[in-house]
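Scroll down for the structure; my scribbles are underneath it.
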Amino acid sequence: MAFSVPPLPYAFDALEPYIDAQTMEIHHDKHHAAYVNNANAALAGTEWADTSVEKLLTSLDKLPADKQAPVRNNAGGHYNHSLFWTVLGPGKGGEPSGALGDAIAARFGSFGNFQTQFKAAAVGRFGSGWAWLVNDGDELAIVSTPNQETPISDGKTPLVGIDVWEHAYYLKYQNRRPDYVDAWWNVVDWDAVAGRFAAA
Ligand code: MN
């Protein structure tokens, strides 16, 4: 079963003014679609064609040598973006409560300290990539990955991630990645993140 782009669970303009509609449309309909199409092309006709994206990304070293890079980049892009859309939403933001809020406070001292460290990871990622809050076995951690590499390939469970490829913010924020990160907090769906934390 070939991969397909999941529908965006809200309108392109739903995250305005923090993420603009044109960016969302191009990001979802063009960039995410390209990862899906390229992953499908790489896997077509191979014994891996029906393998789940999670299994592929945790089995990269078992793939044929000439498939490892295309799968890392494109199945990785499909996985990362599929997650990204679901941890954002209109009218969200604020702070996590409950078990996730407690775990963040315990690990980072406070939600504000967490935001400071997460922003540093997002802004400090050189070139294209992601910053993540992950469940790293027994505890929460902040990591960043280059390009479309994903924490699940390192045995970590991503709870929320920010795409810091220029395609995610350049139309509205140009070179001002820190401003994009600041705005992004306003659209994080902490209930969705808490659901991922509870399932991890
Ligand atoms: Mn992207």
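The values are calculated or read from the model by the stated rules, or taken from the named source; none is laboratory data. These figures come from a predicted structure and were not determined experimentally. No Cβ is skipped: glycine too gets one built from the backbone with ideal geometry, and neighbour counts run over all protein chains shown. We work out accessible area using only protein heavy atoms, side chains counted, and drop any ligands, DNA or RNA first. Shrake-Rupley method; radii C 1.70, N 1.55, O 1.52, S 1.80 Å.
Tabulated results
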{"item": "Check on TYR10, closer than 24 Å to ASP191 by Cβ, more than 16 Å from the ligand (Cβ to nearest atom) and open to solvent by less than 50 Å² (accessible area, probe 1.4 Å)", "result": "yes"}
{"item": "Whichever residue in region 183-200 is farther than 18 Å from GLU16 by Cα and out of contact with any helix residue (DSSP H, G or I) (no Cβ under 8 Å at 6 or more places or on another chain) and, among such residues, is nearest to the ligand (Cβ to nearest atom)", "result": "ARG196"}
{"item": "Qualifying residues in region 159-182 (those that are aliphatic (A, V, I, L, M) and within 14 Å of the ligand (Cβ to nearest atom)) - the one farthest from the chain's Cα centre (by Cα)", "result": "LEU171"}
{"item": "Exclusive hit being among the aliphatic types (A, V, I, L, M) and touching a strand residue (DSSP E or B) at 6+ places or on another chain (Cβ under 6 Å), set ALA122, ALA192", "result": "ALA122"}
{"item": "In region 133-154, residue least open to solvent (accessible area, probe 1.4 Å) [restricted to those that are at pLDDT below 95 and in a loop (DSSP other than H, G, I, E, B)]", "result": "GLY137"}
{"item": "Any hit, region 84-107, residues being assigned to a helix (DSSP H, G or I), at positive phi, more than 16 Å from the ligand (Cβ to nearest atom) and at pLDDT 95 or above", "result": "yes"}
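Okay, residues lined up against (1) closer than 16 Å to ALA168 by Cβ; (2) touching a residue at least 12 places away in the same chain (Cβ under 8 Å); (3) assigned by TED's automatic domain parsing to the domain that holds GLY161; (4) surrounded by fewer than 18 Cβ atoms within 10 Å (Cβ to Cβ):
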residue	(1), (2), (3), (4)
PHE3	no, yes, no, no
LEU15	yes, yes, no, no
ASN40	no, yes, no, yes
ALA44	no, yes, no, yes
ALA49	no, yes, no, yes
PRO64	no, yes, no, yes
GLN68	no, no, no, yes
VAL71	no, yes, no, no
ASN80	yes, yes, no, no
